[in-house]
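The values are calculated or read from the model by the stated rules, or taken from the named source; none is laboratory data. Predicted model only: the values in this text are computed from it and were never measured. When we count neighbours, we look across all protein chains shown, and the Cβ atoms used for this are built from the backbone with ideal geometry, even at glycine. The area values use the complete protein model at the heavy-atom level, side chains included, leaving out ligands, DNA and RNA. Shrake-Rupley method; radii C 1.70, N 1.55, O 1.52, S 1.80 Å.
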Amino acid sequence: MRTLISSSCRILDPKRSPRSHTPSDAGHLPCHTPPMASIPSLAVSGAATAVPAVVAAKPLPSSAGFDKGGSYQRSTQAAENGRLESESPPRPLDAQEAMSMLKDGRTVQSAMYVPLLHRCVETRGLGAARALHGHMAKTGTVADMFVATSLVNVYMRCGASRDARSLFDEMPEKNVVTWTALITGYTLNSEAVLALEVFVEMLELGRYPSHYTLGGMLNACSAARRIDLGQQVHGYSIKYGADTITSMSNSLCRMYCKSGDLQSGLRAFKGTPDKNVITWTTMISSCAEDENYLELGLSLFLDMLEGGVTPNEFTLTSVMSLCGARLDMNLGKQVQAFCYKVGCEANLPVKNSTMYLYLRKGETDEAMRLFEEMDSSSIITWNAMISGYAQIMDSAKDDLHARSRGFQALKLFRDLVRSELKPDLFTFSSILSVCSAMMALEQGEQIHATTIKTGCLSDVVVNSALVNMYNKCGCIECGTKAFVEMPTRTPVTWTSMISGYSQHGRSRDAIQLFEDMILSGAKPNEITFVSLLSACSYAGLVEEAERYFDMMRNEYHIEPLVDHYGCMVDMFVRLGRLDDAFSFIKRTGFEPNEAIWSSLVAGCRSHGNMELAFYAADRLLELKPKVIETYVLLLNMYVSTGRWRDVARVRKLAKHEDVGFLRDRSWIAIRDKVYFFRADDMTHPQATELYQLLENLLEKAKAVGYEPYQNAPELLSDSTEGDDDRPAAAAGSLIKHHSERLAVALGLLKTPPGATVRVTKNITMCRDCHSSIKYFSLLANREIVVRDSKRLHKFKDGRCSCGDFGALLL
């Protein structure tokens, strides 16, 4: 595009350019370009509104520059008014009257088509627009430049860009409004590159863009992500003094902010002498989209109010989004009160953003009240509710609340499907993430069918969410099928599939997929390498892991994060190469975090090197761990070795850090019903049968080699309702069956033979449960999937996908 602009400008007379200097920070066209055109207005007989007149093609004097409504416009206006003095004065027509006049065969005037064309835009009636086009051709009215320009605009508004271009090419005369209509229309129809080509074509013909044209060009540059060309247009506008026009400044702010350059957008904002509500809203909304500028956005809002500019519903929606991003409910309620004051409280976007703020803060009852009180809603409203519930699952105070919010999101999605509205791409992406978090495979499969029915499956974001859902639900085969059938793939999609193979213990498949990713031209990111190194760790592929670690640094210039180091340490620990693990830490010089030290403690203890285990434990305690499972790991180790002083030290630190309670919870979904278990739970109606089944399975397991782990995590607390004041490391010694064993037993009891049993657990599996469920899978000839707080365990034929390392952390 840069070459095209350069070549187009060489045909122009350099003397036409009023001055050559352009500030460097604004960019520049690489040659002299024609000055800007003013757009004089004149009335068409019978028309209700003023319309742009033709701008002469001859160049303006070099001293004229950009005419902001001076003598050139006045003289043109006077001449045109003189030409029309003898004609009837302008009179408005509605669509019905215009159609009646055309049917009666009266003398056809161009103004008759204007209301009909407006109606086509309002109804997006492409067929009606083409019919009017045929009538114009029959009566010869299509030669009228004003009417033809209006028809170009109608075609673009109806999405028929080819019809618009064909008509444009047939027009004997074109003015700057015609060119602008074509440029803005292409941008509107997501064909921004064609808009840029039209602008170049305009320059080649020596036509003069107006500030409206330049505003449309800035939007096209933003849509095409050609900020370099946008900077040249910025420089052009500075040459002819158009950059201070409010609408141009708004376009500049929007372009720079959408490209992520908020500093340049802020400079354009500050350089606007007459800021209107659009100017302020553009800048405030851009700040709301960048977490680094939230405070600036609120500051601008206060400046706007102090400057006497009244915010509109779009401004208030953005400000409410700022409050949501800051999770500032107090300020949000003040803005909500302000909405009532200015009369915007009933506006749908304002209600949506207010409702979303309440959801983000966990005030679900208030959010639901606002939702149910809405007289009308849009798909954005439903999306705000569903995504809001999905996001607060992670911030819930406990697992029960998290799952209840997930169920609420699924219920909302069901109600949406039954309503007159249709879910969109954003809806499917949000609800599939809920299914992933809850391991709700059955619901996910139903949503998969809905995406096919609605035609949304072709979207890469929805497809990526679908792949992730199947992988996290333990159905790697379905995830692979969805991945293979994707028409296009992004680095996120590749990474999701590599991670899925890694979690399912298919390390070779993960490595092969990474190599395929490189061959496809996709560029891996830091998360891709975490998944890849994790796969190497699971399989103990030291040479491959070291090669990919070096590739990440040397070929892709990605600096290792703590997660990358953690995968390497984890690999050495799995293989029992403890000295190599500590040597790697010393050689690389990184500071291990709580997770890495915990892995080292568990690995050293498992391999019998208690000296290194105690050393790692001391380093871990220096970090003052925040995760309660870490304290359970340390307490188990110290109790099993009789180090009672260290037991007291860990208990004291746990109390000081207020890590709370460790409750053992598991869930299993069977036939659209979800069953919940605690450790040694007797509340299920079939509890007697469950315990009998477990006893039978354990007896059979012992006969084929199962040995109960004597030092199982006895300090796991299972505080029940009303027992929340008990410390985490108390009253756990009598626990016989942890929650996941009970959930697995129910799955074996109530699902058909051969069906996969899927269980979700809120904490890490202990060694004893992990070992026993391996034998359950062998004895029952079932695939059992348990996803705990750390990883996914896929038990089949007496083996687990984690390689038995996943149960060492408790």
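Remark: pairs (first residue in segment 691-705, within 18 Å of His738 (Cβ to Cβ) and in contact (Cβ under 8 Å) with a residue 24 or more places away in the chain; second residue hydrophobic (A, V, I, L, M, F, W, C) and outside any helix (DSSP H, G or I); Cβ separation under 9 Å; 6+ apart in sequence or on different chains) = Tyr691/Met682; Leu697/Ala780.
Scanning segment 582-621 for residues that are over 39 Å from the mean Cα position of the chain (by Cα) and in contact (Cβ under 8 Å) with a residue 60 or more places away in the chain returns Arg605, Ser606. The single condition among (1) touching a helix residue (DSSP H, G or I) at 6+ places or on another chain (Cβ under 9 Å); (2) modelled with pLDDT under 90; (3) small (Gly, Ala, Ser); (4) open to solvent by 40 Å² or more (accessible area, probe 1.4 Å) that Ala402 does not meet is (4).
In segment 169-192, how many residues are under 19 Å from Asn219 (Cβ atoms) and free of Cβ contacts under 8 Å to residues at least 60 places away in the same chain?
Residues in segment 169-192 being under 19 Å from Asn219 (Cβ atoms) and free of Cβ contacts under 8 Å to residues at least 60 places away in the same chain: 15 in total.
Among the candidates Leu400, Leu441, Leu457, which residue alone is within 22 Å of the chain's Cα centre (by Cα) and at negative phi? Selected residue: Leu457, the only one of Leu400, Leu441, Leu457 that is within 22 Å of the chain's Cα centre (by Cα) and at negative phi.
A search for C-beta distances below 9 Å between a residue of segment 510-526 that is free of Cβ contacts under 8 Å to residues at least 60 places away in the same chain and any residue that is assigned to a loop (DSSP other than H, G, I, E, B) and loosely packed, with under 10 Cβ neighbours inside 10 Å, counting only pairs 6+ apart in sequence or on different chains, returns Glu526/Glu559.
Listed here are the residues, each with its yes/no results for (1) in contact with a Leu (Cβ under 7 Å, 6 or more places away or on another chain); (2) part of a helix (DSSP H, G or I); (3) over 25 Å from Ala402 (Cα atoms).
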| site | (1), (2), (3) |
| --- | --- |
| Thr315 | no, yes, yes |
| Ser318 | no, yes, yes |
| Cys323 | yes, yes, no |
| Val335 | yes, yes, yes |
| Tyr356 | no, yes, no |
| Ala367 | yes, yes, no |
| Ser377 | no, no, yes |
| Tyr389 | yes, yes, no |
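Given (1) among the hydroxyl-bearing types (Ser, Thr, Tyr); (2) in contact with a helix residue (DSSP H, G or I) (Cβ under 6 Å, 6 or more places away or on another chain); (3) open to solvent by 20 Å² or more (accessible area, probe 1.4 Å), where does Thr178 come up short, assuming only one miss? Against the list (1) among the hydroxyl-bearing types (Ser, Thr, Tyr); (2) in contact with a helix residue (DSSP H, G or I) (Cβ under 6 Å, 6 or more places away or on another chain); (3) open to solvent by 20 Å² or more (accessible area, probe 1.4 Å), Thr178 comes up short only on (3). Taking Val632 as the residue in question, decide whether it is closer than 14 Å to Arg605 by Cβ, at pLDDT below 90 and touching a helix residue (DSSP H, G or I) at 6+ places or on another chain (Cβ under 7 Å). No; evaluated as a whole, the condition is false for this residue. Within segment 759-773, residues that are touching a residue at least 60 places away in the same chain (Cβ under 8 Å) reach partners that are β-branched (Val, Ile, Thr) with beta carbons closer than 8 Å, at six or more positions or on different chains, in the pairs Val759/Ile668; Val759/Val744; Val759/Ile784; Val759/Val785; Val759/Val786; Thr760/Ile668; Thr760/Val786; Lys761/Val786. Every condition in (1) buried (at least 17 other Cβ atoms within 10 Å of the Cβ); (2) under 21 Å from Gly603 (Cβ atoms); (3) of a type outside the set (Lys, Arg) holds for Phe677 except the one numbered (2).
Would you point out which residue out of Leu600, Leu620, Leu635 is touching an Asp or Glu at 6+ places or on another chain (Cβ under 8 Å) and either part of a helix (DSSP H, G or I) or of a type in the set (S, T, N, Q) (or both)?
Values: Leu600 fails: touching an Asp or Glu at 6+ places or on another chain (Cβ under 8 Å); Leu635 fails: touching an Asp or Glu at 6+ places or on another chain (Cβ under 8 Å).
Residue meeting the stated conditions: Leu620.
What about Tyr556, is it of a type outside the set (Lys, Arg) and either in the same structural domain as Val627 (by the TED database) or under 27 Å from Leu792 (Cα atoms) (or both)? Considered against the rule, which asks whether it is of a type outside the set (Lys, Arg) and either in the same structural domain as Val627 (by the TED database) or under 27 Å from Leu792 (Cα atoms) (or both), Tyr556 comes out as no.
Return the residue satisfying two criteria in turn: it lies in segment 248-268 and is open to solvent by 50 Å² or more (accessible area, probe 1.4 Å) and part of a helix (DSSP H, G or I), and of such residues it is farthest from Pro209 (Cα to Cα). Give the derivation first.
Looking only at segment 248-268, we keep the residues that are open to solvent by 50 Å² or more (accessible area, probe 1.4 Å), and these are 254, 258-261, 263, 267.
Checking the rest, the ones that are also part of a helix (DSSP H, G or I) come to 254, 258, 263, 267.
On the way: Arg254: 20, Lys258: 23, Gln263: 27, Arg267: 24 Å.
Among those that are open to solvent by 50 Å² or more (accessible area, probe 1.4 Å) and part of a helix (DSSP H, G or I), it is Gln263.
The residues of segment 493-516 that are assigned to a helix (DSSP H, G or I) and either at positive phi or surrounded by fewer than 18 Cβ atoms within 10 Å (Cβ to Cβ) (or both), listed by number, are Arg508, Gln512, Glu515, Asp516.
Of all residues in segment 684-699, at least one satisfies being open to solvent by 60 Å² or more (accessible area, probe 1.4 Å), in a loop (DSSP other than H, G, I, E, B) and at pLDDT 85 or above. Pairs linking a residue in segment 275-300 that is touching a residue at least 24 places away in the same chain (Cβ under 8 Å) and under 14 Å from Gly324 (Cβ atoms) to a residue that is aromatic (Phe, Trp, Tyr) and part of a helix (DSSP H, G or I), with Cβ atoms under 6 Å and 6 or more positions apart or on different chains, are Ile284/Phe301; Cys287/Tyr293. If we scan segment 277-289, do we find a residue that is more than 27 Å from the chain's Cα centre (by Cα), part of a helix (DSSP H, G or I) and either more than 22 Å from Glu363 (Cβ to Cβ) or polar (S, T, N, Q) (or both)? Looking through segment 277-289, at least one residue is more than 27 Å from the chain's Cα centre (by Cα), part of a helix (DSSP H, G or I) and either more than 22 Å from Glu363 (Cβ to Cβ) or polar (S, T, N, Q) (or both). Among residues of segment 465-492 being assigned to a helix (DSSP H, G or I) and among the hydroxyl-bearing types (Ser, Thr, Tyr), the one that is surrounded by the fewest Cβ atoms within 10 Å (Cβ to Cβ) is Thr480.
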